[in-house]
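In what follows, a single structure is set out as structure tokens and then discussed.
Quick note: the coordinates plus some simple rules give every number you see, no bench work behind them. Since the structure is predicted, the reported quantities are computational estimates derived from the model, not experimental observations. All Cβ positions, glycine included, derive from the backbone under ideal geometry; neighbour counts span all protein chains shown.
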Amino acid sequence: MPKKPFLLLVNDDGIAAPGLHALHDALAEIAEIAVVAPASEMSAVGHAITISDPLRVAEFRREGAFFGYAVRGTPADCVKIGYWALLGRRPDAVVSGINLGGNTGINTIYSGTVSAATEGAILGVPSFAISLNTYRNPDFSFAGRFARKLLPELLERGLPPGVFLNVNVPAVPESEIRGVAVTRQGMAIYREEFDKRTDPHGRTYYWLTGQKVRPETELDVDDGAVTGNWVAVTPVHYDLTRYDFLETLKDWSIVSSM
């Protein structure tokens, strides 16, 4: 009987999040799983790591049984401490999610869910992040089944160094899913607003709101694929260098005159 792969499961919605539990249950029959996830919600923290405070870790129980480790830190912290201190062996893959809400376009940079997969790629571990494109009445069942289909192929085929997959699943019935689209990251920006409010003590505070401006609709863009009811799979690399600008930058006077 083939040996089951050993997975590190992470998220940014917190260790009690239904999406993480759905992902665990979907993968449990085909993999050995270790869960290391934030103790509370850590959405939109990007790739932040904790260096000025200790990381507190506690066992988390689900329905009376040990489920995983709750870390008072970020998703990237969870991958790091899982890999270097908690698991005792190298995972065969890092899987992050299932996130409540899509992580397309610029959200890819802000997302803690995506950053956990980024950290896996930095450590040289095959990784993917998976998100469900809704915030209301989520049904994670199809996304979990998709992760279950993706994992064996990911492990068999592998990924180039530094690359991980960012998966976004439409929040529609499975019968309405049109297929899988290989996409690039969209570049639509947000029109952001800060809702000014007053707390019961008379102190002013602000709540960030906003929406995407002119999101792309093409099938080869993550936003366009998901809104068209395609599962968007985007290969992402953490190298942010703009290589085609290197030679131009060398001609700037501040560079050439030194």
Where a Cα-Cα gap under 30 Å defines reach, which lysines qualify for Lys3, not counting those fewer than 8 residues away within the same chain?
Lys80, Lys149
If we restrict to alpha carbons, what Rg and Dmax does region 174-258 come to, in Å?
21.0, 63
If the cut-off is 17 Å between C-alpha atoms, which aspartates and glutamates fall inside it for Lys4, apart from same-chain ones fewer than 8 positions away?
Asp25, Glu29, Glu32, Asp92, Glu153, Glu156
Compactness summary of region 111-246: radius of gyration and Dmax from Cα atoms, Å, are 17.8, 59
What residues have an amide H closer than 5 Å to that of Ala44, excluding those fewer than 5 places away on the same chain, when H is modeled at 1.01 Å from N in the peptide plane?
Gly112, Thr113
Explain nothing, just the number: relative contact order of region 51-203, from Cα pairs under 8 Å at least 6 residues apart, as a whole percent.
21 percent
Which shape class, rounded, prolate or oblate, goes with region 6-147 when its Cα gyration tensor gives a ≥ b ≥ c as root eigenvalues, a/c under 1.5 marks rounded, and past that a/b bigger than b/c marks prolate?
rounded
Once amide H atoms are built 1.01 Å from N in the peptide plane, which residues 5 or more positions from Asn99, or in another chain, come under 5 Å H to H?
Ile130, Ser131, Leu132
Candidate values (i) 34; (ii) 39; (iii) 57, label of the one derived for percent of Cα pairs over 29 Å apart:
(i)
Among all the lysines, which ones have a C-alpha under 23 Å from Lys212's C-alpha, if same-chain residues fewer than 8 places away are not counted?
Lys196
Part-to-part distance (alpha-carbon centres) for region 1-72 and region 95-140, which is given in Å
13 Å
Note, ³J(HN,Hα) from phi for region 156-168, Karplus 6.51, -1.76, 1.60, rounded to Hz, x at Gly and Pro:
6, 8, x, 9, x, x, x, 9, 9, 10, 10, 10, 10
May I ask for log10 I(q)/I(0) of region 136-214 at q = 0.14, 0.21 Å⁻¹, from a Debye sum over the Cα atoms as equal point scatterers with solvent left out?
-0.78, -1.10
Binning every alpha carbon pair distance of region 94-160 at 5 Å from zero, what are the percents per bin?
4, 18, 25, 24, 20, 7, 2, 0
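Which order do the peptides 97-108, 81-92 come out in when sorted by mean C-beta neighbours inside 10 angstrom, highest first?
Descending packing order for the listed peptides: 97-108, 81-92.
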